[in-house]
Amino acid sequence: MIAHLWDRLADAKARLDPVQSKYRVLFENPADPEAPASVLVPDPNFMAAALAGNVLPPIDTYIRDQSVPDGQPKEHPYAEPVGAMTEEEAIEYLVMKDISPSIWRDYNGNRTIMKIVPVELIPSDRSFRNAWKINQAEQEIAA
Amino acid sequence: MSTLNVANVTDGTTSVPTGYVVNGSAKAWCNVNGSGTIAIRDSQNVSSVTDNGTGDISYNFSNSMANANYVIVVSGGQDNSQGMARYSEATGSWRTYCYNEFSRDAFDGSVQSSAIFGDLA
């Protein structure tokens with residue numbers, strides 16, 4: 001029998017050292033263009049579990065569970081765990097899990113509304129935090 | 001990983017049903033440094049946090065909650081003049097707001113902590 005995800009996470013936290021990711025994910029909500037850019041910060045215990053493998057469920061179980069009504073059984077807590085990921089694969093997993101598909105999958109506009117960046121590129125001065133936007137000047141143009 | 005399947009837990013004198021222990025434990029918690037470059041100090045059952053703006057943080061569950069009727073306990077700030085409040089909750093995430101207690105303006109407190117009590121999915 002597969003242990004519940006919460007138990008697997010508690011076990012992983014007890015035996016794995018946390019891993020601080022060198023990446024952050026910047027994103028903007030196209031439905032709220034006036035809102036500042038958001039910054040997704042990966043959890044160190046979650047990253048450790050992702051890199052070790054055999055803890056986290058397949059990402060598609062989370063995506064399917066997003067359409068399950070509250071109070072109904074969800075698939076991800078008892079799904080067969082996936083193997084070890086690289087740090088880059090773990091960040092992609094987090095993007096699909098914790099950012100709305102309207103941002104990473106469905107957006108067709110011209111603005112860059114999501115970027116995976118090294119943590120050093122995130123300003124540590126938060127004086128004008130509510131004015132942060134993704135820099136469009138650095139957008140790569142496909143050949 | 002082994003599982004103990006027992007109905008009661010006892011210290012030799014007092015006995016309580018296991019459900020009291022299971023249902024009474026925090027199902028998720030997180031301690032965030034909200035000043036400078038936001039970072040997670042430690043957590044349980046959290047996959048990531050999202051910095052939405054000044055004093056405004058969302059926390060994403062690794063293991064979702066069964067419904068959105070759970071309890072959020074918050075604490076934090078930087079000194080005696082900062083407070084924290086629940087902002088919203090959903091089965092996949094919860095959101096908090098940190099503020100200056102005098103002006104009520106949003107504030108990036110250096111310690112922003114929360115714990116969740118409720119039923120897991």
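The values are calculated or read from the model by the stated rules, or taken from the named source; none is laboratory data. Everything quoted here is computed from the prediction, not taken from an experiment. Ideal geometry is used to build each Cβ from the backbone, glycine not excepted, and the neighbour counts take in all protein chains shown.
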message = Please verify whether B:Thr96 is under 13 Å from the mean Cα position of the chain (by Cα), assigned to a strand (DSSP E or B) and more than 20 Å from A:Pro73 (Cα to Cα), treating the condition exactly as stated.
response = yes
task = Please identify the pairs in which a residue from the stretch B:43-69 that is facing chain A (nearest Cβ under 7 Å) has its Cβ atom under 8 Å from the Cβ atom of a residue that is part of a strand (DSSP E or B) and charged (D, E, K, R), counting only partners at least 6 apart or on another chain.
result = B:Asn52/B:Arg95; B:Ala68/B:Glu89
key: Number of the exception - A:Asp70 against (1) in contact with a strand residue (DSSP E or B) (Cβ under 7 Å, 6 or more places away or on another chain); (2) acidic (Asp, Glu); (3) within 19 Å of A:His4 (Cβ to Cβ)   = (1)
remark   = The number of residues in the stretch B:51-83 that are within 15 Å of the chain's Cα centre (by Cα) and more than 24 Å from A:Ala35 (Cα to Cα) is 13
ask   = Residues in the stretch A:120-129: is at least one modelled with pLDDT of 95 or more and either in a strand (DSSP E or B) or more than 13 Å from chain B (Cβ to nearest Cβ) (or both)?
value = no
ask   = Does A:Ala90 satisfy the criteria of being in contact (Cβ under 8 Å) with a residue 40 or more places away in the chain and of a type in the set (Gly, Ala, Ser)?
value = yes
inquiry  = When you check B:Thr13 against the structure, is it assigned to a loop (DSSP other than H, G, I, E, B), surrounded by fewer than 17 Cβ atoms within 10 Å (Cβ to Cβ) and either away from chain A (no Cβ under 11 Å) or of a type in the set (D, E, K, R) (or both), yes or no?
reply    = yes
ask   = Based on what the data block shows, is B:Ala85 in a loop (DSSP other than H, G, I, E, B), touching a strand residue (DSSP E or B) at 6+ places or on another chain (Cβ under 6 Å) and free of Cβ contacts under 8 Å to residues at least 60 places away in the same chain?
value = no
inquiry  = Just the residues that are assigned to a loop (DSSP other than H, G, I, E, B), under 12 Å from the mean Cα position of the chain (by Cα) and at the interface with another protein chain (Cβ under 9 Å from one of its Cβ atoms), please, taken from the stretch B:26-42.
reply    = B:Lys27
